[in-house]
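For reference, the structure discussed in these notes is given below.
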C-alpha cells in the first residue's frame, strides 16, 4: 500500500528529523568517549608525576619547618612525608610509570641517581638534631627536587601528547561516522547497529577509566607486595578509630610487629624466598585479626615491619591475649618454595589510655614498646609503659648533648689500678669512660656507650678517651701502662689503626705501654675485617687484650686465630671464687692455657682478700678490682700511685707530675 504523498513527505521529514537527532546524539557520545579516554590517559603517568612533585615539595616544606621551629610535631611531619615520598618513588619504579622512565636512558639514569640520594636523605633524617646532617639534608633535597620536578613535568608532557593523539584519532573516527550518517540517511537499521556498537565502546571506555582510577587509588593506599594497607591507609584508619573511641565504647590498641631472623633468611635464601615469607606472614596475620572482629586493620609499613590496629569491644586483656596468639601463630613453620622456614616475632603493644596518660598515642607508643622488647631479647610481647617515653626522650637528650659533652670534657676517662698478683706492685691502669652531665649527673657507661654506638658518635668518643688516656699516662712511671677499650663501632667504622697511630704521635706516648682491649662481639660482627684491623694495631707496637674472656661461645677459637698479648678473665668467674669450685677450675684452666700460649692473664672484679689469695695460686699475672681501688679521675690517680709506690718501697719510683 502506497502512502499518500503528503503522508510520505511527513514520514520522510520525520525520518530525516529522527536521523538528524540520532546523528546529534551519536556525535555527543563520541565526544564523551574522547573525554573518558583523555581522563584515563591522564590518570596514568601525568597524575603520578604531579603527585610526586607535590610530595617532594611537601617534604622540603616539612624539613624547613623543623629547621625553623625544632618542634617534634614538625619532625613527625618530616618522617611522614619522607615515607610518602619513598612510597611514591616505589610507585614510579613500577607499572606504566616504570615503562615511561625506561623509555629514556637519560631519564632512567637521573631517576636512579635521585633515588640513591633520597635513600641517603632518609638515613640522615634519624639525626635531624645534628647541624651538619641538617645542612646535608637541605642540600640533597635541593638537588632531588629539580630532578623529581623534571621527571614529573616530562610525565605530564608525555601524557598530554598521548591524550592529544587519542583525541585526534577519535576526531577522525567521529568525522568518518558523521559522513556515514549523512550518507546512510535512508538506512535506519544500519545506523541503529552503528549506534549500538558505539554504545558498547562508550561503556567499555567508561569501565576502563573507572577501573584505572580505582587501581591508582588502591595502589596509593596498599602495599604492592602483600596487598595489605600501607602506612597512609593505616593512619587514616587509626584517625577514624580515635574519632569513634572518644565515646568510650572501644578499647583501642596498636601492635607493632617485627620479624626476628628475617634478614638472615632473606640474605641466605634470597629475596624471592623473603618476599614469599612476607606474603605468608601477611596472610596469617590477616586471617587471625579478621577472626578477632570487625574494624581491625593489618598493615605493612615496609621491610619486615607489620602494624595491627585492634578495635571492637575487646578489653585490654583481650588485646594482650590477641598479641600472644599472633606471636604463637607467626612462630609456626612456613612452607616456602619447597622448604620449611621458621621465623620469630617481637611485638610492642600499646593501649589508648588518655585518663592515666594524657600523652597516650598508640602508634608511637607501640613502636617504643617494640624497641624496648627487642632490646630485652626479642621473641616477646611487651606492653608500653609511660616510662618508655621518658627513657626515649632522655636518650634523645643524651644523644643530642654528647657532642658538646665531648667538646667540654664532660666525658672523661677514670682509671682503675692493675697490680701484680704476687707483689701487689702497681703495673697499670684501665681507662674507663665516665660522663658527668650538667643536669642529669653521672651517666652510666652502660647507658651512653650504646647511644654513642647507634648515633655514630662512638668514633669521636673513642678517640677522645684514647687521646686523653695517652696524654695522662705519658706522665705515669715508665713501668706503668694504660689499657683502653675499643668498641665494635670503633673497630668496624673508620680506620682505628690510623687513629691510634695519630694519637700516639700527638701525645708522645710509647706504643709499648698501651694495651687495647676488644671483646668477642668485635670478632663475631665481621671476623675477617676484625682480624685485619687487629693485625694492623699489633704492628704499631701496642698490646692487644681479649676482654671478658670465657663469656662468649667461641672464645677458644679466637686464641688460635690471633696472637693475643693478654686475656682478661670476666668478673663473673672471679665473683664465685671460694664458693664455686667450678669457677676456680675455669680460672685455673684459662690461666694454664694462656701460660702455655705465652699470654698474660688479668683477672677483673677482685673485691676481697680471699679472692686475691686464691688468684695467687691460679697462674694469673695481674688483678684489678675494688679491693685495690675504684675507677678514679686523674687527680686522684696520682695520689693513689704515690701511695702504691710508697707501700712497695717507693725508692725506685720515678718523679710524678700532673698531666697538662
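Results for (1) surrounded by 16 or more Cβ atoms within 10 Å (Cβ to Cβ); (2) farther than 27 Å from residue 465 by Cβ; (3) touching a residue at least 24 places away in the same chain (Cβ under 8 Å), shown as yes or no for each residue.
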residue: 365; (1), (2), (3): yes, yes, yes
residue: 370; (1), (2), (3): yes, yes, yes
residue: 379; (1), (2), (3): no, yes, yes
residue: 384; (1), (2), (3): yes, yes, yes
residue: 387; (1), (2), (3): no, yes, no
residue: 436; (1), (2), (3): no, no, yes
residue: 442; (1), (2), (3): no, no, no
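Per-residue answers, yes or no, for (1) at pLDDT 95 or above; (2) over 32 Å from the mean Cα position of the chain (by Cα):
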{"site": "511", "(1), (2)": "yes, yes"}
{"site": "535", "(1), (2)": "no, yes"}
{"site": "540", "(1), (2)": "yes, yes"}
{"site": "555", "(1), (2)": "no, no"}
{"site": "567", "(1), (2)": "no, yes"}
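Going by what's in this entry, would residue 452 be described as within 21 Å of residue 425 (Cα to Cα), free of Cβ contacts under 8 Å to residues at least 60 places away in the same chain and part of a helix (DSSP H, G or I)? Criteria not met by residue 452.
Residue 533 falls short on exactly one of the conditions (1) in a helix (DSSP H, G or I); (2) within 24 Å of residue 622 (Cβ to Cβ); (3) touching a helix residue (DSSP H, G or I) at 6+ places or on another chain (Cβ under 7 Å), and that condition is (2). A Cβ distance below 7 Å, combined with a sequence gap of six or more or placement on separate chains, defines the contacts here; from the stretch 63-78, residues that are part of a helix (DSSP H, G or I) reach no residue that is modelled with pLDDT of 80 or more and surrounded by fewer than 11 Cβ atoms within 10 Å (Cβ to Cβ).
The lone criterion from (1) touching a helix residue (DSSP H, G or I) at 6+ places or on another chain (Cβ under 8 Å); (2) within 15 Å of residue 426 (Cα to Cα) left unmet by residue 615 is number (2).
Of everything listed in (1) over 29 Å from residue 372 (Cα atoms); (2) at pLDDT below 95; (3) touching a helix residue (DSSP H, G or I) at 6+ places or on another chain (Cβ under 7 Å), the single unmet condition for residue 482 is (2). Screening residue 502 with (1) part of a helix (DSSP H, G or I); (2) under 30 Å from residue 475 (Cβ atoms); (3) touching a residue at least 12 places away in the same chain (Cβ under 8 Å); (4) more than 32 Å from the chain's Cα centre (by Cα) gives one miss only, at (3). Can you tell me which residue among 528, 548 is over 23 Å from residue 479 (Cα atoms), part of a strand (DSSP E or B) and at pLDDT below 90? Every option except 548 fails the conditions.
Residues in the stretch 347-381 that are over 26 Å from residue 236 (Cα atoms), modelled with pLDDT under 90 and assigned to a loop (DSSP other than H, G, I, E, B): 376, 377, 378, 379. Scanning the stretch 389-402 finds one or more residues that are over 17 Å from residue 454 (Cα atoms) and in contact (Cβ under 8 Å) with a residue 24 or more places away in the chain.
For the stretch 330-346, filtered to residues that are in a loop (DSSP other than H, G, I, E, B) and modelled with pLDDT of 90 or more, the residue that is surrounded by the most Cβ atoms within 10 Å (Cβ to Cβ) is 343. Count of the stretch 554-569 residues, restricted to those that are part of a loop (DSSP other than H, G, I, E, B) and crowded, with 21+ Cβ neighbours inside 10 Å, is 1. Right, residue 469: at pLDDT 90 or above, assigned by TED's automatic domain parsing to the domain that holds residue 399 and in a helix (DSSP H, G or I) or not? Against the criterion (at pLDDT 90 or above, assigned by TED's automatic domain parsing to the domain that holds residue 399 and in a helix (DSSP H, G or I)), residue 469 qualifies. Between 606, 522, 602, the distinction of being at negative phi, part of a loop (DSSP other than H, G, I, E, B) and assigned by TED's automatic domain parsing to the domain that holds residue 629 belongs to 606 only. What about residue 238, is it at pLDDT below 90 and surrounded by 15 or more Cβ atoms within 10 Å (Cβ to Cβ)? Yes: the conditions hold for residue 238. Within the stretch 121-143, identify whether any single residue is within 14 Å of residue 57 (Cβ to Cβ) and exposed (fewer than 14 other Cβ atoms within 10 Å of the Cβ), and answer yes or no. Looking through the stretch 121-143, at least one residue is within 14 Å of residue 57 (Cβ to Cβ) and exposed (fewer than 14 other Cβ atoms within 10 Å of the Cβ).
Scan the stretch 298-317 for residues that are on the phi < 0 side of the Ramachandran plot, surrounded by fewer than 23 Cβ atoms within 10 Å (Cβ to Cβ), in contact with a strand residue (DSSP E or B) (Cβ under 9 Å, 6 or more places away or on another chain) and free of Cβ contacts under 8 Å to residues at least 60 places away in the same chain and the total you get is 2.
The values are calculated or read from the model by the stated rules, or taken from the named source; none is laboratory data. It should be emphasised that the depicted structure is a prediction, and the values quoted were computed from it without experimental measurement. When we count neighbours, we look across all protein chains shown, and the Cβ atoms used for this are built from the backbone with ideal geometry, even at glycine.
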